[in-house]
Every structure is written in structure tokens, then in C-alpha cells.
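Input: a single structure, listed below in C-alpha cells.
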Amino acid sequence: MDGFFDIPSDLQHSWLGLIGLHVREAGLPVLAGLLISLPLAQLCVRFRWLYPPVLWVTTVLYAIPSLAFFVVLIDYTGQTELTVMIPLTVYTLVILVPAIVDGVRSVPQETIAAATAMGFGPVRRYIQVQLPIAVPAIIAGLRVATVSSISLVSVGALIGNQGALGNLINDANIYNRPELAVNAVVTMAVLAILADGLLVVVRLLLTPWMPSGARARRAERPEPEVAAR
Amino acid sequence: MIRIDSVTKRYPDGTVAVDRLSLEIPDRSITVLVGPSGCGKTTTLRMINRMVEPSEGTILIDGKDSRQQPVNTLRRSMGYVIQNAGLFQHRTIVDNIATVPRMLGWGKEKARARARELMERVGLDGSLAKRYPYQLSGGQQQRVGVARALAADPPVLLMDEPFSAVDPVVRKGLQDELLRIQDELGKTIVFVTHDIDEAVKIGTMVAVMRTGGKLAQYAPPAELLSSPADAFVEDFLGTDRGIRRLSFFPSAGLRLLTGPVVAVDATAEQIAARETAEAPYLLVTDVDGKPLGWSEPRQLTAGSVDIGQLLPYGRPFVAGTDSLRAALDCAVLSPTGWAVGVDTEGRVAGVVSQQAIGEAIRGAHAQGLTDAPVPDSKVG
């Protein structure tokens, strides 16, 4: 395993530099996807008829190969990180839009009616009641989108030096150095696991109100009666 | 006063949920809307705070059209309690209760102090303040729902089947608690339920609605039980409305006999002296005067009463406080056919026969023809 971290100079990055680039190219599309999905999902919740066509469009977009996106985009955005991140952003929608819609829809009718009866307007109700209660579903979506994005960044290698750790696999081929491919795969896997773990921690911090997994807290229930929710 | 003036709710598909309904809801009392599913009772309730807008007619609140003020101002002036409580699961109990005060611009500390005060009022332990709704039982959650509705001290409380999802024991507790809170606060409460027993128990006035959103009868519960307007109302009241009506007749008029009562440590002379023509049985009490059971006089031996051999005495009624229904129930439960009246400490105040209770019922009926029964007597 000599030269495991000895990155060929054509990549113009150290190993850590590649990781930084990879995280940026995978993370920014997920954030952008979330920013697009939140209002889009709210529209789908308010106007029910909109949801099926939106779902159909996001699914079709997901089916377009990234190579096809690159061919079109390269005329406008060149061989840049942006060209890689745009299709990745589009791909997250197929996961994030349904996650948010289902999360918001899963808020019990009684809770929504109670909020309305207490004088919450639609916007305040969405931001202060529906969205917070949808957080677990949204983060579940973000976990899938993030892990998928981390693996998809590699295709950036197709347009030159934009595949981050993916270019390492390419170089393994060119220079006949299989250890570089092992390095790339293992590093990406570790990145994915760390990112996923980070999101789990974020979820736990955001939702102290959830009974999930906290067996000890369940035992604290004052009466055996089932809480009807 | 809330006045519903020939209000109709028609949906775009032509369904009529409420049909030319007119109701005058008196201040500081509990008005119950009751009826089978699909009778428009919840729709009616939701038209009061404009969660549903009427198609025709007007709703006047203290003489003003409810459409005159901004909808969210109107809603914040009315507390709302819903089935399953509808708590905000992502907020602590204290923050759930403080919701409306916070929206009305109260400071955080003032709103929380108010919330803690209300927790006490609805019978919730202060230690639950920082918990989340999932950590509470259904009954406790419902109490939080009531506290949340009361938080900004609104004059009106709208309650939509608030106690339907809890078990009967918890429900009875919540109903008693509501009556107690109402005694203290005197809100104008509109209460929706499909349970006629609940309606009769808590309502000052009861509006029975029928499918199609029509009002079938609007009357105080005692009048509803004594003279249902039509076959639908009679059917909805159930088969034992006669017995249930007895809840509105006080037992204060019953003549209690103290003759046929002996203490467990009575002497032979005392037993012999108690043997009267009035009653075929004697009620044996413990030394404190609490009932133990019935016995035939000749089977009682002085000094050695076998408590296991005594006949059961049913469930004693509190003389004067409980209704004739409780007294009759006690007489029916005991194989001797006699009811045991006790004082508030549970000591025997006297005994009364089924026949005497029957006479009291006939007397109450005769009186009921001239003046309405006292609604205060329905605690039993």
C-alpha cells in the first residue's frame, strides 16, 4: 500500500484538498435542493393537484443521465464545479420533495385545526407548526440525498478535474495504481457515514420532543394509558 | 351572548351541513350541541370562530356580526379544545399553554407564569411543565388542551368532542373537572358531543341536532328527558330516559328511617328494641356508624355478629346531596329492597324502602308539572 496518500499531481489537490472539494460538491447541491424543495413542497401541500405532476417531473429529471446534463450545461457553465453541482441539485429533488410533502402532511389534523383556531395564519402555521413537526421526515430525506450526492460527485471526472475523489479512480486506471481507487472508495464511504451520522445528531438536537429510541423516557410515562396522537 | 341567526352551510357539491339553524347561546353557561355523526354539530361550532364560513345567515357575538372583526382576532378571543387535544408535539407543556398569550404579545416570563397557574387550575402537576406531549397520558393531554384554551382568559370556550378519545373513567374525571372549573370561571361554553349522557350531565342547555343539520330540540336537560319533542329525540335519548331523569330530582325530600339500624356491638335488648313493624330487616353498622350489611332481626345474636353472613347493602347514596336516581339505584342493588342513606363522612343517616322512593318519585313528578327541577341537583 505504498503511496496510498500520494496523490498524482494532475489532480492539483492534496488528499485533504480532494476531500474538501468532494464535501463542497456534494453538500452544496443538497442545500440548494432543500431551498428549492421547501417552497415547492409547500405549494404541493396547499394545491393537492400540483403534487402528482411535480413528482412526475422530478422523477423524469432523475432519469436523465448526468452526462446528458453535462453536454448541455458545458456550453454555459464550462468545465466548472457548477456544471457538476447543477445536475446533483436536480437529483436531490426526487428525494426531498416527497419527504417534505409527506412530513408536512403527517401533521395530525387536530394539531392543524387547533393552530387555526388559535389564530395562526397560514404562513405562521407552516413555519411554527407544520415545518417543525416535519423535521424528522425532512432529515430522513436529507440523509438519503446527502449519501447519494456523495457517491454521485465522482461523475464530475467526466468533464475533467471536477470529480474530486472520483478523479482518483480515474487516475488509478491511468497510472495503474489500484491503491488510489481503494483510497477513493474507502474515503467516500467514510465521508458518507460521517455525513449521515452528523445528520442524525442534528435531528436529535432539533427534536427533543420525539419519543424515538429513547426507551428510558418511555418508561417515565406516568400512566399506562396510550397517549392518543 | 352568541346568537346564531338562521345559519345555513352549503358546500359547493350541494351538501347541506347545517340548515337554517337558529340558537341563542346564553352567557356564562354550558350549551351542548349533540347529535349523530353528520348532523352538522362540529360545523356549527366551527362557524362560531369562522373556521367554517356560513353560506347564509349571521352569527352575532354580543350583538356584533362575527364578520366585523379580523378573523384571527376573533379566534384569539375564543378558546378552542379539540378531540385528542391537538397539542403541538414539538413544544413543551408550558409553551403549549402559553401559545395564545405569546401571540397576543405577552412577554415570555409572564406567559409562562400564566401557563403554570393554569396547569394548577386544570389539575396538572407543575412537574409536567417541561415535558413534551408524548410523555403525557391521553387524559393529561386533554387537560393541557383545556388549559391552553383558557390561557388568554377568553370569555368564550369552544369544545369539539374534547373527551371522546379517553376511556370512561378518565372522561368522567374530566367532565367533573370541567364543571368545577366552570363554577369558578363562568365562561360561555359551547360543547359538541355525540354522547347524550355527557350532554345531559354537563349541559345547562342542550341542542339536539338531526342528520341534515336541523335543530330537533333545544331545551334544558331535565326538560329534554321529560318531554322529548319528537320520536327522533326520544330515540336518541335512549331507552332509560325515565331513570336518567331521576338524576334531576333531589333526594332531600326522602324520609329516612333510623329505627331499623343497629350497631355491630349492640346488646340483645337493643336488638329487640329495633325490631319494628316498619322494616323486615335491620341494617348493621360498625362502631363508627358506617354500614356493614342487612340482616333479619332473629338471626342477629348480641355480641357475635357474623359479618360474612350479612346481606349486601348496595352503594349508599349521600342523603340530601345525591339524586333520587342514586337512592333508587341503591335500593335496587340490595336484595332487601332498601336503600342506605349516608352523610358526607359515610356514616349511616337512615334507610329508606323502594316503596318510599317510589312515592317520592311520584311526588316529584307531580311537582315537576308546575315548576322545573333544580339543575343544581345533577351532580349525582
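Okay, here's what the table says:
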read-out	value
Qualifying residue in the range B:55-75 (condition: under 15 Å from B:Met159 (Cβ atoms) and assigned by TED's automatic domain parsing to the domain that holds B:Gln175)	yes
Residue match in the range B:178-189 (condition: more than 13 Å from the chain's Cα centre (by Cα), within 14 Å of another protein chain (Cβ to nearest Cβ) and under 20 Å from B:Ile25 (Cα atoms))	no
Selected residue (criterion: surrounded by the most Cβ atoms within 10 Å (Cβ to Cβ)) from residues of the range B:58-89 that are among the hydroxyl-bearing types (Ser, Thr, Tyr) and closer than 18 Å to B:Val190 by Cα	B:Tyr80
B:Gly346 vs. criteria in a loop (DSSP other than H, G, I, E, B), in contact with a Lys or Arg (Cβ under 8 Å, 6 or more places away or on another chain) and of a type outside the set (Ser, Thr, Tyr)	yes
Test result for A:Thr58, of a type outside the set (A, V, I, L, M, F, W, C), over 14 Å from A:Ser148 (Cβ atoms) and assigned to a helix (DSSP H, G or I)	no
Index of the failed condition, B:Thr239 passing every other in (1) part of a loop (DSSP other than H, G, I, E, B); (2) at pLDDT 85 or above; (3) hydroxyl-bearing (Ser, Thr, Tyr)	(2)
Tally, over the range B:188-197, of residues that are modelled with pLDDT under 95 and either in contact with a Phe, Trp or Tyr (Cβ under 7 Å, 6 or more places away or on another chain) or not in a helix (DSSP H, G or I) (or both)	3
Qualifying positions in the range B:43-65 - out of contact with any Asp or Glu (no Cβ under 9 Å at 6 or more places or on another chain) and within 14 Å of chain A (Cβ to nearest Cβ)	B:Thr43, B:Ile48, B:Asn49, B:Arg50, B:Met51, B:Val52, B:Glu53
Which listed residue, of A:Val123, A:Val201, A:Val129, is surrounded by 22 or more Cβ atoms within 10 Å (Cβ to Cβ) and either under 30 Å from B:Ala98 (Cα atoms) or within 14 Å of chain B (Cβ to nearest Cβ) (or both)	A:Val129
Residue within the range A:152-167 that is within 14 Å of chain B (Cβ to nearest Cβ) and free of Cβ contacts under 8 Å to residues at least 60 places away in the same chain present	no
B:Asn72 in a helix (DSSP H, G or I), of a type outside the set (Val, Ile, Thr), within 11 Å of chain A (Cβ to nearest Cβ) and farther than 18 Å from B:Val144 by Cα	yes
Residue in the range A:95-104 that is in a helix (DSSP H, G or I), closer than 28 Å to B:Thr73 by Cα and away from every other protein chain (no Cβ under 12 Å) present	yes
Residue check, B:Ile30 within 14 Å of chain A (Cβ to nearest Cβ), among the β-branched types (Val, Ile, Thr), farther than 30 Å from B:Tyr132 by Cβ and crowded, with 19+ Cβ neighbours inside 10 Å	no
Qualifying positions in the range B:126-140 - in a helix (DSSP H, G or I) and within 17 Å of B:Leu87 (Cβ to Cβ)	B:Leu128, B:Pro133, B:Tyr134, B:Gln135, B:Gly138, B:Gly139, B:Gln140
Some residue of the range A:58-77 being of a type in the set (A, V, I, L, M) and within 30 Å of B:Asp160 (Cα to Cα)	no
Residue among B:Ala98, B:Ala111, B:Ala147 that is among the hydrophobic types (A, V, I, L, M, F, W, C), touching a Pro at 6+ places or on another chain (Cβ under 9 Å) and either surrounded by 20 or more Cβ atoms within 10 Å (Cβ to Cβ) or under 30 Å from B:Ala219 (Cβ atoms) (or both)	B:Ala111
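Yes/no per residue for (1) in a helix (DSSP H, G or I); (2) more than 10 Å from chain A (Cβ to nearest Cβ); (3) touching a strand residue (DSSP E or B) at 6+ places or on another chain (Cβ under 9 Å):
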{"residue": "B:Pro101", "(1), (2), (3)": "yes, yes, no"}
{"residue": "B:Gly105", "(1), (2), (3)": "no, yes, no"}
{"residue": "B:Ala111", "(1), (2), (3)": "yes, yes, no"}
{"residue": "B:Arg114", "(1), (2), (3)": "yes, yes, no"}
{"residue": "B:Leu124", "(1), (2), (3)": "no, yes, no"}
{"residue": "B:Gln142", "(1), (2), (3)": "yes, no, yes"}
{"residue": "B:Val146", "(1), (2), (3)": "yes, yes, yes"}
{"residue": "B:Ala152", "(1), (2), (3)": "no, no, yes"}
{"residue": "B:Leu158", "(1), (2), (3)": "no, no, yes"}
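Residue by residue, here is whether (1) more than 17 Å from the chain's Cα centre (by Cα); (2) in a helix (DSSP H, G or I); (3) modelled with pLDDT under 90 holds:
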site	(1), (2), (3)
A:Met1	yes, no, yes
A:Leu18	yes, yes, no
A:Val23	no, yes, no
A:Ala26	no, yes, no
A:Leu34	no, yes, no
A:Pro39	no, yes, no
A:Tyr62	no, yes, no
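Conditions tested, residue by residue: (1) outside the structural domain of B:Gln217 (by TED's automatic domain parsing); (2) surrounded by fewer than 16 Cβ atoms within 10 Å (Cβ to Cβ); (3) farther than 20 Å from B:Val200 by Cβ.
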| site | (1), (2), (3) |
| --- | --- |
| B:Val261 | yes, no, yes |
| B:Ala268 | yes, yes, yes |
| B:Ala273 | yes, yes, yes |
| B:Asp288 | yes, yes, yes |
| B:Thr301 | yes, yes, yes |
| B:Pro316 | yes, no, yes |
| B:Ala326 | yes, no, no |
| B:Trp338 | yes, no, yes |
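The values are calculated or read from the model by the stated rules, or taken from the named source; none is laboratory data. Since we're looking at a predicted model, the values are computed, not measured. Counting neighbours? That spans all protein chains shown, and the Cβs are built from the backbone with ideal geometry, glycine included.
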